[in-house]
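The values are calculated or read from the model by the stated rules, or taken from the named source; none is laboratory data. In this text, all values refer to a predicted model and were calculated from it rather than measured experimentally. Here the Cβ is made from the backbone with ideal geometry for all residues, glycine too, and neighbour counts use every protein chain on show. Protein only, heavy atoms only, side chains kept; ligands, DNA and RNA dropped before computing areas. Shrake-Rupley method; radii C 1.70, N 1.55, O 1.52, S 1.80 Å.
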Amino acid sequence: LMKIWSLIKQLFRPLFYSIYRHRLEQQVGNWKIPQHIGVILDGNRRYARNLGLANVVEGHYDGADKLEEFLGWCDELGVKIVSIWIFSLDNFNREGSEVHDILNVIEEKMWEMVNDEKVHRNQVRIRSMGQVELLPESLQEAIRKAEEVTQNYNKFILNIAVAYGGREEVVEACRNYLISETVNGKDIGTLIEELDVTSIATHLYTSDLPDPDLIIRTSGEIRLSGFLMWQSVYSEYYFCDTFCPAFRKIDFLRALRDYNQRQRRYGQ
């Protein structure tokens, strides 16, 4: 009986999920939608290993394809800004061949976006966040080109965090603040006296953008690992057990439903 019941569930699960998703899609029009969503795309390696794929880079390709699908959902529902974390500074510590493969995937996808008709039709502005100078020159060129050809778009903003670390972003912001003010002739005593939250915030990668309303992390890890650590102080968090490449629209809708049910107090 247990085997029969298991078989029945496998047969009807797609139907149940389809009905459930349709129900959520009918409700979403009444929800408050976050304008800026941060996403930690996690679990590509575990996804590949669970499927027994020959090379974990296949999981990263699937994850990159999922990102394109995810951006389509965001555009459909009126989200205006998406910040995604695709490669951290800590990722450089992985095995050399895997780092090489991941960066190749990112480079391929960046060049695809340069020429992607949908990117230009939807006026997606692409911006990078992180220590891009640490990346291979060919990848740096792909990022520069993507930023260049989309720099005048303003309908949708896609921030891509690559070679990114949250602590390093704050350190860099402080450093840039000190440099910019020193150039203006201020002494160290004045700089220390004037240093405040705004001084640092104006030098962050997202200084000209609103802070993220919602941050989603896939793969079941319940931590931010420093992603937008300054900007996310009042963000709402949603952690999903699903690996990035298997993330479905129903998972996204659940995150939005959860966000809609929260009461944001901004520390008050």
* **Verdict on Asp251 being open to solvent by less than 60 Å² (accessible area, probe 1.4 Å), under 29 Å from Gly267 (Cβ atoms), without any contact (Cβ under 8 Å) to a residue 40 or more places away in the chain and not β-branched (Val, Ile, Thr)** => yes
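For Arg223, are the conditions met, namely being basic (Lys, Arg) and not in a loop (DSSP other than H, G, I, E, B)? Steps first, please.
On the way: basic (Lys, Arg): yes; not in a loop (DSSP other than H, G, I, E, B): no.
No; evaluated as a whole, the condition is false for this residue.
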* Being of a type in the set (Gly, Ala, Ser), out of contact with any Lys or Arg (no Cβ under 9 Å at 6 or more places or on another chain) and open to solvent by less than 50 Å² (accessible area, probe 1.4 Å) is the filter here, so list the residues in the range 44-64 that pass it. => Ala48, Gly63
* Structure fact -> In the range 191-245, anything β-branched (Val, Ile, Thr), closer than 24 Å to Arg262 by Cα and more than 14 Å from the chain's Cα centre (by Cα) is listed as Ile222, Val233, Thr242
* Is it the case that some residue within the range 77-96 is assigned to a helix (DSSP H, G or I), surrounded by 20 or more Cβ atoms within 10 Å (Cβ to Cβ) and in contact with a strand residue (DSSP E or B) (Cβ under 6 Å, 6 or more places away or on another chain)? -> no
* To do: Report yes if some residue within the range 218-231 is among the polar types (S, T, N, Q), open to solvent by less than 30 Å² (accessible area, probe 1.4 Å) and farther than 23 Å from Arg127 by Cβ; otherwise report no.
  => yes
* **Selection from the range 5-35 of residues that are open to solvent by less than 100 Å² (accessible area, probe 1.4 Å), of a type in the set (A, V, I, L, M) and either touching a strand residue (DSSP E or B) at 6+ places or on another chain (Cβ under 9 Å) or modelled with pLDDT under 70 (or both)** => Leu7, Ile8
* **Count of residues meeting criterion [closer than 28 Å to Leu67 by Cβ and β-branched (Val, Ile, Thr)] in the range 175-217** => 3
* To do: Search the range 120-161 for residues being open to solvent by 30 Å² or more (accessible area, probe 1.4 Å) and of a type in the set (Ser, Thr, Tyr), and hand back the single one that is farthest from Glu68 (Cα to Cα).
  => Ser138
* To do: Confirm whether Tyr234 is modelled with pLDDT under 95 and either under 27 Å from Arg125 (Cα atoms) or open to solvent by 40 Å² or more (accessible area, probe 1.4 Å) (or both).
  => no
* **Candidates Lys118, Lys145, filtered to the one that is at pLDDT below 95 and more than 21 Å from His60 (Cα to Cα)** => Lys118
* Asked: Filter the range 237-247 for residues that are more than 15 Å from His36 (Cβ to Cβ) and out of contact with any Phe, Trp or Tyr (no Cβ under 8 Å at 6 or more places or on another chain); which is surrounded by the fewest Cβ atoms within 10 Å (Cβ to Cβ)?
  -> Asp241
